[in-house]
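The values are calculated or read from the model by the stated rules, or taken from the named source; none is laboratory data. Note that the coordinates shown come from a computational prediction; the quantities given were computed from them, not determined experimentally. Quick reminder, even Gly has a Cβ in these numbers, built from the backbone with ideal geometry, and neighbours come from all protein chains shown.
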C-alpha cells in the first residue's frame, strides 16, 4: 500500500464544460489561484502528517489523529473543488503544480504554473506533463 505522501484525493466530477484560458486570463486568475493552492499544499501536508500519526499510534492518540486526518481531507476536497470552479486542475499536491487548459494551433494544451512562480511562463501538450514544458513565447493562441 502506498504511503501517505502519495495520497491524492479524488477529483470532483466535472459538471460543466472545460474552461479554456488565454495566457492573459490565466495570469489574471493567479492571485486567487495562488491563495487556494497555498492552502491546498498546507492542508495536504497536515493530512499527510495526521495520517502518519494514525499509522504509528494507538488508542486515544490514534483516534485524535484519525479525526484530524478526516478534517484535513474534507478541507482538501473543498479546496480542490474551489480550484475546479476557477477552471484549473491541480497536478501535484505537494508542490502546488497547476494546469490551465488553453488552445495552441487548434488543439488543447496546458498552461503550466507552480506555486512560487510569479506568472505562467510555460505550457505543455496534454500528454507531455511537466517534463514537456515549453516557454510561452512559443505559444500561438
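One table, with the values for the structure above:
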| item | result |
| --- | --- |
| Test: residue in region 46-58 that is at pLDDT below 95 and part of a loop (DSSP other than H, G, I, E, B) | yes |
| Residues that are part of a strand (DSSP E or B) and within 19 Å of residue 19 (Cβ to Cβ), drawn from region 104-131 | 104, 107, 108, 109, 110, 111, 112, 113, 123, 124, 125 |
| Yes/no for residue 30 being part of a helix (DSSP H, G or I), surrounded by 17 or more Cβ atoms within 10 Å (Cβ to Cβ) and in contact with a helix residue (DSSP H, G or I) (Cβ under 6 Å, 6 or more places away or on another chain) | no |
| Which numbered condition residue 102 fails, given (1) free of Cβ contacts under 8 Å to residues at least 60 places away in the same chain; (2) on the phi < 0 side of the Ramachandran plot | (1) |
| Checking residue 59 against (1) touching a helix residue (DSSP H, G or I) at 6+ places or on another chain (Cβ under 9 Å); (2) over 24 Å from residue 17 (Cα atoms), the condition it does not meet | (1) |
